[in-house]
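Asker: Below you will find the structure I want to go over with you.
Any read-out appearing in this document is the output of simple, stated calculations on the displayed coordinates, not a laboratory observation. Everything numeric in this text was worked out from a predicted model, so none of it was measured. Note that we place each Cβ from the backbone using ideal geometry, even for glycine, and neighbour counts take in every protein chain shown.
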């Protein structure tokens, strides 16, 4: 627990500094998401022993690095299609060394993590004036729910949630994570409403509560999804870059699922109204 708290004490000020710099240099968020996406890609390639095969790893790393800089869905779709065609051509030319399962792993794991991080940069374009609200929301929903599930699970957890995938997760922890995640998301929105926005914008609290509830559920799904990938690769952690958490992907697995949901939800149900 101490290492988790230490990591948070280091990570949160770093995130706040980046958000402050965003006011003067907007592309710093793209750069950060690109670096995170690249590291997650490397961790996934390492887990499946693909990293040293440059014909596979280099295109995947380029894809992961470039995706957070895509300006719209047209560019994003083009990047996905190009990578998909390349990987299947590689499969055909190098069969039977590589099987369909290998290509499916790359498309799913690398594609999912890269798209998850790029969703944060896409969310920035939802509202140029209040873009930091969407950045914080993508992270707050996932991290508050994850933290709530961890502490409630430690204090009250008895019934295992998915013991074959993640032995330490409990039903009580999951319920606590959803409740705390929903309340924490609404609380975060209230801070923006009354401390940061003032009379400049109005937060739609009902929509934010819906985002908090379903986003908290998705954070659990994201955590279990990447735990399942670890199980299939027979690794305990994706890396050791963050003390107390393992690899960067061990910390970002929930965000990867939550960020696309926040972006898509806000496209159809505005979370803010200008005043």
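Asker: From Cα pairs below 8 angstrom and at least 6 apart in sequence, can you work out the relative contact order of region 38-98, rounded to a whole percent?
Answerer: Once normalised by length, the contact order is 27 percent.
Asker: Further, regarding this structure: Against the longest principal axis of the chain, how steep is helix 27-47, in degrees 0 to 90 to the nearest 10, with axes from Cα atoms?
Answerer: Around 40 degrees separate the two axes.
Asker: Going 7 Å from the Cα of residue 171 in the Cα-to-Cβ direction, what parts of region 142-161 have a backbone nitrogen less than 12 Å from that spot?
Answerer: Residues 158-161 fall inside that zone.
Asker: Which stretch or stretches of region 21-57 have amide N atoms under 13 Å from the point lying 7 Å from residue 97's Cα along the Cα→Cβ direction?
Answerer: Counting only backbone N, you get 50-57.
Asker: I need the peptides 120-132, 87-99, 210-222 ranked by packing, meaning the mean over residues of other C-beta atoms within 10 angstrom, with the highest value on top. Let's see the in-between values first.
Answerer: On the way: 120-132: 18.2, 87-99: 13.2, 210-222: 23.4.
Per-residue mean Cβ counts within 10 Å order the peptides as 210-222, 120-132, 87-99.
Asker: Quick one: compute the contact order of region 122-247, relative version, from alpha carbon pairs under 8 angstrom and 6+ residues apart, as a percent. Intermediate results must be reported in sequence, preceding the final value.
Answerer: On the way: 155 pairs, mean separation 28.7, N = 126.
Once divided by the residue count of region 122-247, the mean separation gives 23 percent.
Asker: Taking other Cβ within 10 Å of each residue's Cβ, how do 196, 165 sort, fewest first?
Answerer: On the way: 196 13, 165 16.
The most exposed by this proxy come first: 196, 165.
Asker: Suppose the chain between residue 233 and residue 104 were pulled fully straight at 0.36 nm per residue; how much longer would it get relative to their current alpha carbon spacing?
Answerer: Working: separation 129, 0.36 × 129 = 46.44 nm, distance 1.36 nm.
In short, 45.1 nm is gained.
Asker: Also, quick follow-up: For helix 73-94, what angle does its Cα long axis make with the longest principal axis of the chain, in degrees from 0 to 90 and rounded to 10?
Answerer: 20 degrees
Asker: Could you please state, rounded to a whole Å, how far the C-alpha centre of region 224-238 is from the C-alpha centre of region 21-55?
Answerer: Using only Cα atoms to place each centre, the spacing works out to 19 Å.
Asker: While we're here: Given contacts defined as C-alpha pairs under 8 Å and at least six residues apart, what's the relative contact order of the chain, whole-number percent? Can you show the working numbers first?
Answerer: Values: 380 pairs, mean separation 58.4, N = 275.
The value is 21 percent.
Asker: Using just the Cα positions, wrap region 2-274 in a convex hull and report its mean projected area in square nanometres, one decimal place. Display every interim value, and only then the final one.
Answerer: Values: hull surface 58.1 nm².
The number I arrive at for region 2-274 is 14.5 nm².
Asker: Now for a different question. For 20, 105, 86, which order do you get if you count the other beta carbons within 10 Å of each Cβ and list the fewest first?
Answerer: On the way: 20 11, 105 19, 86 15.
Arranged by neighbour count, lowest to highest, 20, 105, 86 become 20, 86, 105.
Asker: Mean 1/r over all different Cα pairs, inverted: what Kirkwood radius does region 59-162 give, in Å?
Answerer: Details: mean 1/r = 0.0608 Å⁻¹.
Kirkwood radius, region 59-162: 16.4 Å.
Asker: Using only Cα atoms and rounding to the nearest 10 degrees, what angle (0 to 90) does helix 111-124 make with the longest principal axis of the chain?
Answerer: Roughly 30 degrees between the two axes.
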